[in-house]
Amino acid sequence: MTALRLSLVIPTRDTRALTLRCLESVAPLAGQGAEVVLVDDGSRDGTADAVRARFPGVEVLVNPEPRGFGASANRGLAHARGEVLLLLNSDTEVEAETVPLLAAALDREPRLGAAGAELRNADGTPQWSAGAAPTRPWLFALASGLPALLRPWPGYRRLRPLGSAERARVDWVSGAAMAIRRQAWAEVGPFDDGYGFYGQDLDFCLRLRDAGWDVGIVRGWIVTHLGGATIATRQGAAGGRHPGLLWTDLLRWGEKRHGPGWARSAARLMRWGASLRLAGRALGAPFVPPARRPAWAAETEAHRRARGAVAGWSPEGAARGTGRLGYPSPGTGPRR
């Protein structure tokens with residue numbers, strides 16, 4: 001991509017080491033003329049100073065107090081000047097040599113409003129990168145944990161491919177690495193910053209589709225996403241995820257998209273699913289290997305809290321907006 005055609009926007013909060021690794025990975029793009037905008041969301045670990053010292057060409061915007069991922073992303077995207085706005089989590093590493101595939105896709109498909117990368121875990125395995133809009137049965141399955149039980153079964157991944165390139169059509173792509181055409185952003189943006197932690201990418205991509213834009217994954221554009229850097233420190237998180245925030249953010253999305261009645265029935269299904277999950281974990285607890293038991297107990301407690309959060313959720317509370325501190329982690333949209 002030519003100078004000022006590509007702008008990279010990286011919100012960060014207290015992830016100094018990961019942010020420096022992310023910037024190192026995109027240095028070849030900056031060397032080719034890409035603009036790099038970092039939005040430091042009230043970090044207390046010296047992220048902004050470290051970036052200025054090591055990457056003087058990066059434009060650093062600082063929020064004196066944390067405003068949350070959505071607000072920080074919106075600030076950076078509004079400030080950026082490129083024709084293509086590439087939003088990155090601070091815990092990503094871009095394979096810069098694959099970015100020309102993104103440029104080619106945008107040139108080839110003029111209505112491609114948002115393009116997602118093929119995300120990889122640190123060990124190189126595929127990570128969930130895109131998907132269909134959630135349904136109420138799927139929300140029940142999410143809360144119940146049934147998809148996790150089915151993954152080892154032969155043929156499951158043929159029905160639910162990880163990611164993306166195998167899917168003919170997706171409704172959303174992960175905000176961990178999302179390229180947005182400027183015209184699409186001007187028409188549909190900004191992100192809704194009222195979500196507690198997850199869901200901004202799902203919400204935005206579906207609004208793009210409503211406006212007539214396409215959303216898709218670019219095959220071969222590879223980004224490693226470490227995930228869990230921020231959420232792991234918050235109460236109620238386990239294993240790099242926070243089921244309580246994920247489930248309530250999806251209910252907020254459902255109320256916004258489909259109305260209060262849809263969301264209330266979805267909440268009931270999720271409570272039933274969560275109860276099924278907890279019953280299964282209680283039955284399985286005696287058979288957990290000793291070395292695994294502390295993590296198992298933490299995960300069980302996280303899902304117990306999540307069930308309580310869903311039980312206490314209401315459209316009225318969601319409309320007031322309770323979260324502005326979240327950063328996307330292992331894929332902010334729903335996962336299968």
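Worth pointing out:
- Within the range 92-127, the set of residues being over 26 Å from R207 (Cα atoms) and either in contact with a Pro (Cβ under 6 Å, 6 or more places away or on another chain) or open to solvent by less than 40 Å² (accessible area, probe 1.4 Å) (or both) comprises V94, A96, T98.
- In the range 173-292, counting only helices (runs of 4 or more DSSP H) that sit wholly within it, the ones holding 2 or more residues that are farther than 26 Å from R111 by Cβ span 243-258, 260-284.
- Residue in the range 32-40 that is among the small types (G, A, S) and buried (at least 22 other Cβ atoms within 10 Å of the Cβ) present: yes
- Close pairs from the range 180-193: first among the acidic types (D, E), partner open to solvent by less than 30 Å² (accessible area, probe 1.4 Å) and not in a strand (DSSP E or B), Cβ under 6 Å, at least 6 apart: D192/D203; D193/G68; D193/G70; D193/A71
- Tally, over the range 61-85, of residues that are farther than 17 Å from E187 by Cα, surrounded by fewer than 18 Cβ atoms within 10 Å (Cβ to Cβ) and among the hydrophobic types (A, V, I, L, M, F, W, C): 2
- All conditions in (1) surrounded by 22 or more Cβ atoms within 10 Å (Cβ to Cβ); (2) at pLDDT 95 or above hold for L269, with the sole exception of (1).
- Test for R52: is it of a type outside the set (G, A, S), open to solvent by 20 Å² or more (accessible area, probe 1.4 Å) and touching a strand residue (DSSP E or B) at 6+ places or on another chain (Cβ under 7 Å): yes
- Test: residue in the range 41-60 that is within 19 Å of V99 (Cβ to Cβ) and in contact (Cβ under 8 Å) with a residue 60 or more places away in the chain: no
- Scanning the range 219-230 for residues that are open to solvent by less than 10 Å² (accessible area, probe 1.4 Å) and touching a helix residue (DSSP H, G or I) at 6+ places or on another chain (Cβ under 6 Å) gives a single hit, W221.
- Boolean, F55 is under 30 Å from L269 (Cα atoms) and either modelled with pLDDT of 95 or more or not β-branched (V, I, T) (or both): no
- Single match in A306, A238 (criterion: out of contact with any Ser or Thr (no Cβ under 7 Å at 6 or more places or on another chain), of a type in the set (A, V, I, L, M, F, W, C) and modelled with pLDDT under 95): A238
- Elements of the type helices (runs of 4 or more DSSP H) sitting completely within the range 1-107 and holding at least 1 residues that are under 20 Å from the mean Cα position of the chain (by Cα) and over 14 Å from V223 (Cβ atoms): these cover 16-31, 69-79.
- Residues considered: T12, T47, T2, T19. Of these, the only one that is of a type in the set (S, T, N, Q), open to solvent by 20 Å² or more (accessible area, probe 1.4 Å) and either at pLDDT below 95 or under 18 Å from A73 (Cα atoms) (or both) is T2.
- Filter result for L162 (buried (at least 18 other Cβ atoms within 10 Å of the Cβ), modelled with pLDDT of 75 or more and not β-branched (V, I, T)): no
The values are calculated or read from the model by the stated rules, or taken from the named source; none is laboratory data. Keep in mind it's a predicted model, so treat the numbers as computed, not measured. Positions of Cβ are generated from backbone atoms using ideal geometry, with glycine treated the same way; all protein chains shown enter the neighbour counts. Accessible surface areas use protein heavy atoms only, side chains included; no ligands, DNA or RNA. Shrake-Rupley method; radii C 1.70, N 1.55, O 1.52, S 1.80 Å.
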